[in-house]
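Data block below; observations after.
The values are calculated or read from the model by the stated rules, or taken from the named source; none is laboratory data. This is a predicted model, so every value here is computed, not measured. All Cβ positions, even for glycine, are placed from backbone atoms using ideal geometry, and neighbour counts span all protein chains on display. Ligands, DNA and RNA are excluded from the accessible area calculation, which covers all protein heavy atoms including side chains. Shrake-Rupley method; radii C 1.70, N 1.55, O 1.52, S 1.80 Å.
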Amino acid sequence: MSDNVYSTICPGCNFGCGLYIRENGNLEVDFRKSSPANAGKLCRFGMSLPKLFTSVRSMVDGKETTPEDAAKEAAKRISAGKGSVAFLSLGNTTGEELLAFQKIAESYLCTGANFEALPKDVYQTLSVGIPYSEIEAAKHIVLFNDPYEQYPLIVRRLLSAKKKGAKITSVWWKDMPLADENIRPADISKLQLTKDSLVISDFHPLSDVEQVKSVLKLAAGAKVTFLKPFANSTGAYILAKDAKQKSLVQLVDDINKGTIKTLFALESDLSALIPSETLSKLTNLIIQTGQASSVKANIVIAHEPLYKKKGTLINNEEEHRLLAARARADLMRLASLQEPNSISMLFKN
């Protein structure tokens, strides 16, 4: 049996690390040294991807069915619940699929990030990062996260900057070994930043909005980049920045109040983001995914895993594509809900 090899990126964060996934009876991860984001290196999450992409089966109320029948049943329940349905996608799928998803979710779209609480003039800063080469060229780097825990491959960029003479300041709850200076978040007024300074923070569904505002205010005049936890967070934010969307906090509140009774989640594992007692209040939880989910759903629509999809993903600094790039005509065809094996199939019937 010949192997199937897919050139793809890791879905673990918005760093966009390139890799190969090989199917030869089992899944294997191979390095892709040509990838500019990681030059072949992978963190522990990337090496554990075969465990993530376990086989998924379409289900309706605990009974196995076909993806088509699961999609039909999902469409029926969504139509019946108009006015109390929310759509959630955190960015772990292609831009084309997110665009189609946004078109059907205009009434209640949630990408996780609380944009509504932030000034519109900072959306671009939050969505688009800087070239990682600028990290290595910075003279003073201020960290508002722990890269060893969240974005480990950024560490090699920081170490390279240190070798070139950069000073690293960590603003964190604990001391960071690679930092030349460790200060606590309550003491950020002591920081002296210049145009040669670079601030690195992150922006994700659980971010404290006030902290994000503080980082943006502090970084005025300096460079700033926000790392993100999902493969295509940048693509999701760019596509949805002009859409009326809800924050994750608002979604949880509306489910608890009973305003939202049906939740459709696209390629998003809700276990770490929404309390189980909140999810239990839903009448219908519908998940479309290509990987195993740790929450129990009323309907599961199984489709291709991320590494098999054709489409566009955008990381924090540059555009990445899965397999062959699609022309804009393909994107618009998907947006008009004519593409099979995608969110569109939910509404074809």
- On the accessible surface of the chain, probed at 1.4 Å with all protein chains in place, carbon and sulfur together account for a percent value of 50 percent
- Relative contact order (percent, whole number), the range 1-156, Cα cutoff 8 Å, 6+ residue spacing: 13 percent
- Which of 91, 12, 40 moves the most in a Gaussian network model of the chain with Cα springs under 10 Å? 40
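Magnitude of the Cβ-charge dipole of the range 1-155, K/R +1 and D/E -1, about the Cα centre, nearest 20 debye?
Values: 15 positive and 18 negative charges, 15 e Å.
Using Cβ point charges on Lys, Arg, Asp and Glu, the range 1-155 gives about 80 debye.
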- Length gained if residue 133 through residue 160 is fully extended, taking 0.36 nm per residue and subtracting the Cα-Cα distance, is 8.7 nm
- Mean-square fluctuation maximum in Gaussian network of the chain, Cα pairs under 10 Å, restricted to 146, 69, 121, hits 121
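What's the Cα-based Rg to Rh of the chain, Rh via Kirkwood?
Radius of gyration relative to Kirkwood radius: 0.98.
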- For the chain, with every protein chain kept in place, what is the accessible area per residue (1.4 Å probe, Å²)? 46 Å²
- Of the options 182, 5, 252, report the single residue whose Cα projects farthest towards the positive end of the charge dipole of the chain (beta-carbon charges: Lys, Arg +1; Asp, Glu -1). 182
- Potential lengthening between residue 249 and residue 55 on full extension [0.36 nm per residue; Cα-Cα distance subtracted]: 66.7 nm
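Defining a contact as two alpha carbons under 8 Å apart and six or more residues distant in sequence, what relative contact order in percent does the chain show?
Numbers: 718 pairs, mean separation 90.1, N = 349.
So the answer I get is 26 percent.
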- Message: Along the charge dipole of the chain, pointing to its positive end and built from +1/-1 on Cβ of Lys, Arg, Asp and Glu, which listed residue (88, 232, 129) has its Cα farthest out?
- Response: 129
- Item | Listed residues 109, 158, 52, most fluctuating in the chain (Gaussian network, C-alpha, under 10 Å) | 52
- Give the relative contact order (percent, whole number) for the range 117-206; include only Cα pairs under 8 Å separated by 6+ residues. 32 percent
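Among the trypsin sites (Lys or Arg not before Pro) in the range 1-50, which ones are in a DSSP loop with at most 10 other Cβ atoms within 10 Å of the Cβ? Mind listing them?
33
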- Message: Loop-only chymotrypsin sites (Phe, Trp or Tyr not before Pro) in the range 57-148, please: DSSP not H, G, I, E or B, and at most 15 other Cβ atoms within 10 Å.
- Response: 148
- Charge dipole (debye, nearest 20) of the range 72-179; +1 at Cβ of Lys and Arg, -1 at Cβ of Asp and Glu: 200 debye
- Query: If you place +1 on the Cβ of every Lys and Arg, -1 on the Cβ of every Asp and Glu, and leave all else neutral, what size is the dipole of the chain about its Cα centre, to the nearest 20 Debye?
  - Reply: 320 debye
- Cα to Cα, under 14 Å, and not fewer than 8 places away if on the same chain: which aspartates and glutamates meet these conditions relative to residue 281? 253, 254
